[in-house]
Amino acid sequence: MGADPSPLLEALARELWLPGLICSSGQPMARLAHLAHWWDRLLAGELPDRNADLGDPPVAAALRQAVADLQLSALTRGSPDTTLQLLRTALWHADRLIDRHEAQARTEAILAMAEAFRAEWAVERADWEEAQALLQGLGEGEHLHWDALKGHLRSRAWLEARRLAGLMAQRTELAALLRRVGRMQRPLTPAHHLPAPRDAVSHPQPRAGLKPVETVLPDAPGELRGIRLGDRLERLLGSELQQLRHPVLHKWWRARKAEARLLTYDSQALLVDWRPDPQATPRHRTRPTANPPLERGPLLICLDTSGSMQGAPESIAKAVVLEATRVAQHERRGCIVMAFGGPEEVIERELDFSPEGFNRLMELIGQGFDGGTDVQTPIERAITRVHEQRWANADVLIVSDGEFGCTRATLEQLDRARAELGLRVFGLLIGDRETMGLLEVADEIHWVRDWRRDAPAGMSHGSGGAGFSPVHSKSLTALFFPNALSERAARHARGMGPPES
């Protein structure tokens, strides 16, 4: 070999020493020197420079083009294990060139080598695209690398997460509820006028006129306008996605993607901003307005994992947790889930899309719901959290079927937190009726009436159809036994939630 390769080997991972030394393609010293450059650039999520030719320019160019076509740098970004696997695979295929038939030109052998490399990594790339489709809406998502995802792709929890993501996509009202939780910022749209109290002054008061200023945001999620040519994976038509698995059409698909000529949905969003209009005629209002409620703050989710939540309630509850984690990551909001069962059975987890947070999320999605119900401990922990500076603007969301109750001491703690800290408690009712416990705890209850339609395969909950519900109102107790409600339950029940159909 001539020169001593030891200094060059010190710059490489030990697993690359042997394949870097024995590869039959190119000059060893140049190959070892350029391997360090390939490692650094791939680990940073970038393509290697063209002049880093691994001692064999035609081979390096073919491998670099394959990496660029498959966008493998997205997999290797921040992932030492994936970067090491890619480089070892590339060196192995380059070493096979020496075994080509004597009648085959080296140029043809290099093309065949590059195609074999592509085929080996096409499956990895397809898995990555599937993961990105599930986790869309993460913002930058720089904390979640391929190493953190790859171990979950064949797990039961991952398959369940895919099902839950589809479930959540059909329940936009739950996403709207998560947006309202927290006290961090004002809503972007003007608040509706609230009904005037009985003792409000009814004299007309002049106010400045407002005018709507509309801003069109092209390519933003919103109204579908049609179909156009492009290369955005999240906007592809289903007919285009089917070609990825075809043994021949996937080549044509990649060529059209490089030219941005794939069929994609064309959508645009419309942002309406209300601004003062100095030219408008002064108007009068007959009822006072209230400050719009705050929203988009930290989330403290009390998740009921009792045995009564098995089946469809469990699916909806887990889907809400998955969506809350995605929303919190995208909007830089903290999210803590307190999964509660029987007495002293509380698991508190802060969820995000760091590798550790993602593992905790998959663990929660993969576990079954079973046990008793004790909501007091998670509520008391949530109140303790709100006293901390980081969670001072948080609200509590209780996800349950409502089969629980609270002691007077816990209710009094909640009342003090409401009065002193502005804490709000939202209830997500996945059941058929409000209970005394839920009415006493929650300020606002959102009812998932058609929860039976999301039952897993083989579990019907006695449903008579996808949207079947045996009751016409969640407020059965207040309707038939109004005197049975406690003073606190009756107070929080007035005007709670949207009107029932």
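Derivation of every value follows stated rules applied to the coordinates shown; laboratory data play no part. Every value quoted in this text rests on a predicted model; they were computed, and no experiment measured them.
Computed values, structure above
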| quantity | calculated |
| --- | --- |
| Share of alpha-carbon pairs per 5 Å distance bin for the range 1-61, given as whole % | 4, 20, 31, 26, 16, 3, 1 |
| Interchain or long-range residues, amide H under 5 Å from Leu397's placed H | Leu300, Ile301, Cys302, Phe426 |
| Cα coordinate range in the range 6-134, projected on the principal axes (Å, largest first) | 47, 37, 23 |
| Amide H contacts under 5 Å for Met184, placed H, 5+ residues apart | Glu295, Arg296, Gly297 |
